[in-house]
Amino acid sequence: MELVIMIKMAITSRHLVNLAMCFTLLALSIAAKASANASQSYSAHKIKTVYVYRLANFIRWPSPQPQPLRYCVLGRNSITVTLDTFFSNSEISSPLVHMADLTAASQQCDVLYITEQKLNILQAIPQYPNLLTISDSPQFLERGGMIELRTYSSQIKPVLALTHLERSNLTVSSQLLRIAIIHERQKPDNDRGGNHE
């Protein structure tokens, strides 16, 4: 329930300050729960669910930017189940759509989360125009994905493949570049800003 409230707080504004406040509140809540009772804390899939929903606010689509954004998933795991619950219990005007294949997703979606199980079947992710792809699979960026949700020392960080985003006509806001990790194999040598692998 607290996760839904925190996501709703994050929906009310598209500014980094509110995103930072939301994640700070989430981190403080997790720390407080962990100290009060070690068995009660937010699981990684719930934090990744927040990221899947919020990352789109820091991506720029070519004009006109789609409104509202159409969120889709390919496959089923704990993140897609949590997204289903969130979309069904929130005031978001567009529903979460379960897709059967990448071609259909490229025509009907703006944001596509792909499970690791589906990624293993697909082997490669093409960069379709105006389609943001996200996953938490460790092979995702090497196979053509755009944003991987990676765990470092119990923290979840977005890892960006900038060339894949550019091929889809998508740009990343400077706020996201400051907090994200840039995938080294995709990063131009002359751009050394932000965190690196």
#### Entry: Among 81-90, 108-117, 61-70, the order from most to least packed when residues are scored by Cβ within 10 Å on average
108-117, 81-90, 61-70
### Task
Can you figure out the FRET efficiency of A124 with A100, using R₀ = 22 Å and their beta-carbon distance, to the nearest 0.05?
0.80
#### Entry: Antiparallel bridges, percent of DSSP beta bridges restricted to the range 35-175 (to nearest 5)
40
### Query
Could you give the nm distance between label points at Q107 and T163, where each point is 7 Å from its Cα heading toward the beta carbon?
3.0
### Task
Towards the positive end of the charge dipole of the range 61-169, with charges on Cβ (+1 Lys, Arg; -1 Asp, Glu), say which of Q108, Y128, Q67 has the farthest Cα.
Y128
### Message
Accessible area of the range 47-197 with a 1.4 Å probe: how many percent of it is carbon plus sulfur?
### Response
48
### Task
Starting from the Kirkwood radius over alpha-carbon pairs of the range 53-168, derive D by Stokes-Einstein at 4 °C in a medium of 1.567 mPa s and give it in µm² s⁻¹.
90
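The values are calculated or read from the model by the stated rules, or taken from the named source; none is laboratory data. No experiment lies behind these values; they were computed from the predicted model shown. Note: ideal-geometry Cβ built from the backbone for every residue, glycine included; neighbour counts use all protein chains shown. Accessible surface areas use protein heavy atoms only, side chains included; no ligands, DNA or RNA. Shrake-Rupley method; radii C 1.70, N 1.55, O 1.52, S 1.80 Å.
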